[in-house]
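Worksheet: one structure, shown below.
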Amino acid sequence: MKHVSKIAMAILVVAVLVTLGMNLQKNSRNSALLRYNLSDVPGPFEMQDLTVWDQATGLTWQRQDDGVARNHQDAASYCENLTLEGNSDWRLPQRRELLSIADFARAEPTINLETFPQTKSESYWTSTVAFDQQHYWLLNFKRGGADRKSAAEPSLVRCVSGKPLAEPILTQNGDNFIFDHTHGLSWQRQVDGEPKTQMEAQSYCSGLSLEGKTDWRLPTLKELETITDVAQANEPAISAGLFPDTLPAWFWSSTAFVGMEYIFYEVTFATGAFGPAAAGHQELVRCVRDLK
């Protein structure tokens, strides 16, 4: 009897340890849900045959799309009815979520083909509504740009699973700073309104001093995109309360377009669209720094 009891106790201990291990793995994945990777290179990724888990965001992605262009309604239905590796909880990604897997160290397509094989240099739907329910945002993986499109027109689909990424928590800190508590960033609240080339923009930020803070830099495209508000019905596509006097104009990022010299990405706060442009263009600048 004592021998049987010891075996039963050993089995119980093993079962508890397995359960704890599963919970730790689950909690590890959940703990990533509020983190985005805002650098130009995404990941790290954990790949399976049919899916990819992004360790930086906690999202699981359809690894290879089926190459079929659909209107927006059919794209949403396709994801809702998809089952991959036992998971049937799929949906269309938000614009920011789809941008999170864009790899700006690559071009045409702007994504890692080893991680996401056979991705086309074309546009993919998102679930993010544009100015009405008849238009939605999409991301073009040819050059990594974003624009709006009629829901009736066809585009490709890559589905995602997991808790949607949270909007950044932004608060005003004095007259000069906006803190992004989600990503650990401090933004220049008001810009000088003087257009600059991309090189001038980088020099301006590196030389900026506000209330003794001198470690400013030009934001990456993904960082700059986080302060857009594409749900705004009117221009500019940003919170006017947090960022007063922002013009509905193009703003520079530090993200370069790979394969072409003197081409960098910019974001327009007229609509929230973004794409590459020649570095000699005169655009506006909003600097950022990392919260210590």
Sole residue being surrounded by fewer than 10 Cβ atoms within 10 Å (Cβ to Cβ) and either at pLDDT 95 or above or closer than 27 Å to I111 by Cα (or both), chosen from D66, D49: D49
Scanning region 238-256 for residues that are within 17 Å of the chain's Cα centre (by Cα) and either surrounded by fewer than 17 Cβ atoms within 10 Å (Cβ to Cβ) or not in a strand (DSSP E or B) (or both) gives I238
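Can you find, within region 157-196, the residue that is farthest from W53 (Cα to Cα) among those that are among the β-branched types (V, I, T) and crowded, with 16+ Cβ neighbours inside 10 Å? Show your work before the answer.
Narrowing region 157-196 to residues among the β-branched types (V, I, T): 157, 160, 169, 171, 178, 182, 191.
Still in the running and crowded, with 16+ Cβ neighbours inside 10 Å: 157, 160, 178, 182, 191.
Details: V157: 17, V160: 10, I178: 32, T182: 21, V191: 38 Å.
Among them, the one singled out is V191.
What do you reckon, is Y204 surrounded by fewer than 17 Cβ atoms within 10 Å (Cβ to Cβ), of a type outside the set (S, T, N, Q) and more than 18 Å from the chain's Cα centre (by Cα)? Walk me through how you get there before you give the answer.
Numbers: surrounded by fewer than 17 Cβ atoms within 10 Å (Cβ to Cβ): no; of a type outside the set (S, T, N, Q): yes; more than 18 Å from the chain's Cα centre (by Cα): yes.
For Y204, the condition - surrounded by fewer than 17 Cβ atoms within 10 Å (Cβ to Cβ), of a type outside the set (S, T, N, Q) and more than 18 Å from the chain's Cα centre (by Cα) - is not met.
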Leading residue by the ranking (nearest to the chain's Cα centre (by Cα)) among those in region 267-285 that are over 20 Å from P168 (Cα atoms) and not in a loop (DSSP other than H, G, I, E, B): G275
Conditions (1) β-branched (V, I, T); (2) in contact with a His (Cβ under 9 Å, 6 or more places away or on another chain); (3) without any contact (Cβ under 8 Å) to a residue 60 or more places away in the chain -> T197 fails only (3)
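Mind listing just one residue for me: the one in region 89-132 that is among the charged types (D, E, K, R) and crowded, with 19+ Cβ neighbours inside 10 Å and, of those, nearest to L224 (Cα to Cα)? Full working, then the answer.
Here is the first cut: in region 89-132, the residues among the charged types (D, E, K, R) are 89, 91, 95-97, 103, 106, 108, 114, 120, 122, 132.
Those left that are additionally crowded, with 19+ Cβ neighbours inside 10 Å: 95-97, 103.
Details: R95: 14, R96: 11, E97: 14, D103: 16 Å.
If we take residues in region 89-132 being among the charged types (D, E, K, R) and crowded, with 19+ Cβ neighbours inside 10 Å, then R96 is nearest to L224 (Cα to Cα).
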Identify all residues within region 233-251 that are closer than 23 Å to A279 by Cβ and of a type in the set (F, W, Y); write none if there are none. W250, F251
One residue is enough: does region 207-225 have a residue meeting the conditions among the polar types (S, T, N, Q) and either crowded, with 20+ Cβ neighbours inside 10 Å or not assigned by TED's automatic domain parsing to the domain that holds I178 (or both)? no
Kindly evaluate D132 against the criterion of being of a type outside the set (K, R), in the same structural domain as P93 (by TED's automatic domain parsing), farther than 19 Å from D65 by Cα and in a strand (DSSP E or B). no
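Can you name every one of the strands (runs of 3 or more DSSP E) wholly within region 154-232 that holds 2 or more residues which are at pLDDT 95 or above and farther than 27 Å from A277 by Cβ?
In region 154-232, 170-173, 177-180 are the strands (runs of 3 or more DSSP E) which contain 2 or more residues that are at pLDDT 95 or above and farther than 27 Å from A277 by Cβ.
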Taking region 94-126 and keeping residues more than 16 Å from T60 (Cα to Cα), in a strand (DSSP E or B) and touching a helix residue (DSSP H, G or I) at 6+ places or on another chain (Cβ under 8 Å) leaves Y124, W125
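The values are calculated or read from the model by the stated rules, or taken from the named source; none is laboratory data. Just so we're clear, the structure is a prediction, and the values are computed from it rather than from any experiment. Note that each Cβ is placed from the backbone with ideal geometry, even for glycine, and that neighbours are counted across all protein chains shown.
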